[in-house]
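Notes follow once the structure below has been shown.
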Amino acid sequence: MSRKQWRNPKPIHRKPKQTTKKMEHRKQANNEPERRATVAGLEIRANDAGKFALRGYAARFNSVYNMGWFTEEVHRDAFKNANMGDVRILLNHDSNQILGRTAAGTARVGIDKEGLWYEVDLPNSPNGDNVRVAVERGDISQSSWGFTLRISDSGNGDKWEKRDGKEHRILTDIDTVFDASPVTFPANP
């Protein structure tokens, strides 16, 4: 290589990276975990013993989320066959900051007319105290959830359609809900 070539190399033409759309379809095909968030209206409650519980909605029905190149919503029957037997309540989806777990009896999850709700008995620990104070101050006011879709011969637990010239995804069959989290930065506020 000459000195001139070394100083001014020709640009290398590389294949463009996969687009977000292609990556999302790849994620679906591999059934990789996905996370979504919602404005939850988090609420702290104290019981007679002075212990605190946090309650909020991790997913809401009849809410359309703008995910960038597509919009998304959760169908009312999406949780009908979902495994919610061992849901962790984590701060910001961080498994190092566990607040409770349904399998341990320190958290509860369920479905009502609004969507997927969760409630956790906050631990008597720095994590529990930090979350309680952050929610009371309004620093944390949103929630999120982690899930996988059911993959079967008949489909991938979702359906796609066009709405207002944009791709629209409807989550129709959740396989597993593995976490619900109060979050600082939601994926889709």
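For segment 42-127, carbon and sulfur atoms together expose 45% of the accessible surface, with a 1.4 angstrom probe and every protein chain in place. Loop-located GluC sites (Glu not before Pro) in segment 106-189 (DSSP state other than H, G, I, E, B) with a sparse environment of at most 16 neighbouring Cβ atoms within 10 Å: E114. Between E167 and E114, the C-beta separation translates, for a Förster distance of 30 Å, into a calculated FRET efficiency of about 0.70.
Sites listed here are trypsin sites (Lys or Arg not before Pro) in segment 66-128 whose DSSP assignment is loop and whose Cβ has at most 13 other Cβ atoms within 10 Å: R76, K80, K113.
The values are calculated or read from the model by the stated rules, or taken from the named source; none is laboratory data. What you see is a predicted model, and the numbers here were worked out from it, not measured in a lab. Reconstructed Cβ throughout: ideal geometry from the backbone, glycine too, with neighbour counts over all protein chains shown. Heads up: the accessible areas ignore ligands, DNA and RNA and are worked out on the full protein's heavy atoms, side chains in. Shrake-Rupley method; radii C 1.70, N 1.55, O 1.52, S 1.80 Å.
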